[in-house]
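Have a look at the structure below, then the notes.
The values are calculated or read from the model by the stated rules, or taken from the named source; none is laboratory data. Note that the coordinates shown come from a computational prediction; the quantities given were computed from them, not determined experimentally. Using ideal geometry, Cβ is built from the backbone for each residue, glycine included, and neighbour counts are taken over all protein chains shown.
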Amino acid sequence: MTMAPVHAPHGGIPTTMSAWRVRAPGPLSSRPLELIEKPVPSPGPREVLVRVLTCGVCRTDLHVAEGDLPQHRANVTPGHEIVGLVVGSGPETRRFTAGDRVGIPWLRHTCGSCRFCRSGRENLCRSSRYTGWDDHGGYAEYATVPEAFAYRIPDQFDDATAAPLLCAGIIGYRALRRAAVPPGGRLGLYGFGGSAHLTAQIAIGQGMEVHVLTRGEHARELALRLGAASAGGPRDMPPVPLESAIIFAPAGDIVPFALEALSPGGTLALAGIHMSDIPPLTYQRHVFHEKSLTSVESNTRRDGEEFLILASRLGIRPSTTEYPLEAADKALAYLAAGDIEGAGVLRVSTR
């Protein structure tokens, strides 16, 4: 079944659109991002075309723009926390109809046949592809997505609050699972941006005691308002031993501090796609007493579906700051400064 495009009031879908591209990866001071006009993409087989309403501003976008991650596609349009309306489709699409509100996430393709995909670990698929890194993303007026990797957005979330759920929320949920927090346990969160402030709400909603360690004063204030038991600096010792911890900040030098803060048998999860080098660890001081260190790579679609259901049931509310599409570079600069409350969201269009 092929859907006909929804026609806009002014003659249908335009042929060109405004979009950002990573012109040359490098420090933000070198202005790696450029706002251009480019053709509206055409959806391929089993893909839908989405008119972007909002797009979250994620730290991974910053890594792509600054070249912390290897370049997968020249002149790529960043953005992978996309909320929009289906306005067209390619051949063989069946899942969505025109006008449906969908979310386009980071993970957009896996092979479906490798040992990781067959064992429910598609996040480790070596043929995976990612929105805003391998394929163009949501810092644009239109985007495409394979229909099998898009999410339906729960009705209770408006377009701006839904956007951070699609990566920050989902990755935080997987990191929380990887951290193996015991029921009612003490959880430390290092860094408190878009992902951590959602993870804190999930953890507190499930009865955990949350301690936040982050550099930004405004972020610490937000943590306490959300119900954290304490909020300190990233190299401070929490007031109590932690049973689990998650590092969201891309700073490898925090790892020894977090390991030292763990009680015996504790688990530390590293949630970022990029992190600076971890300094040498002392066995007796940092890793003895059966402490575990694990990383987090992307997510599965099951993670996403589970998280969106849980977020809906617990009434998770992202704290967001909106920017117009034209200010995407400024939004990334605020993110890099590290003292923003919650998550930045680009307002691309309205319904």
Problem set entry | Which listed residue, of SER263, SER298, SER276, SER292, is of a type in the set (Ser, Thr, Tyr) and crowded, with 17+ Cβ neighbours inside 10 Å | SER298
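Could you check, for the stretch 195-207, whether at least one of its residues is crowded, with 19+ Cβ neighbours inside 10 Å, among the β-branched types (Val, Ile, Thr) and either touching a residue at least 24 places away in the same chain (Cβ under 8 Å) or part of a loop (DSSP other than H, G, I, E, B) (or both)? Walk me through it before giving the result.
To start, the set of residues in the stretch 195-207 that are crowded, with 19+ Cβ neighbours inside 10 Å comprises 195-203.
Still in the list and also among the β-branched types (Val, Ile, Thr): 199, 202.
The next check asks that each one be either touching a residue at least 24 places away in the same chain (Cβ under 8 Å) or part of a loop (DSSP other than H, G, I, E, B) (or both); those that pass are 199, 202.
Checked against the condition, which is being crowded, with 19+ Cβ neighbours inside 10 Å, among the β-branched types (Val, Ile, Thr) and either touching a residue at least 24 places away in the same chain (Cβ under 8 Å) or part of a loop (DSSP other than H, G, I, E, B) (or both), the stretch 195-207 yields at least one hit.
Sort through LEU222, LEU259 and tell me the only one that's in a helix (DSSP H, G or I), farther than 24 Å from ASN123 by Cβ and modelled with pLDDT under 95.
Answer to the selection: LEU222.
Per-residue answers, yes or no, for (1) in contact with a Pro (Cβ under 7 Å, 6 or more places away or on another chain); (2) in a strand (DSSP E or B); (3) modelled with pLDDT under 95; (4) of a type in the set (Asp, Glu):
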{"residue": "VAL48", "(1), (2), (3), (4)": "no, yes, no, no"}
{"residue": "HIS63", "(1), (2), (3), (4)": "no, no, no, no"}
{"residue": "ASP68", "(1), (2), (3), (4)": "no, no, no, yes"}
{"residue": "PRO78", "(1), (2), (3), (4)": "no, no, no, no"}
{"residue": "ARG108", "(1), (2), (3), (4)": "yes, yes, no, no"}
Exercise. Is it the case that ARG59 is at pLDDT below 95 and buried (at least 17 other Cβ atoms within 10 Å of the Cβ)?
Worked result: yes
Problem set entry | From the options ALA331, ALA311, residue that is surrounded by 15 or more Cβ atoms within 10 Å (Cβ to Cβ), touching a residue at least 24 places away in the same chain (Cβ under 8 Å) and farther than 25 Å from ALA19 by Cβ | ALA311
Problem set entry | Number of the condition not met by ILE316 [criteria: (1) modelled with pLDDT of 95 or more; (2) not in a helix (DSSP H, G or I)] | (1)
Seminar exercise, completed: Of the residues in the stretch 123-146, those that are out of contact with any helix residue (DSSP H, G or I) (no Cβ under 9 Å at 6 or more places or on another chain), assigned to a loop (DSSP other than H, G, I, E, B) and buried (at least 21 other Cβ atoms within 10 Å of the Cβ) come to HIS136
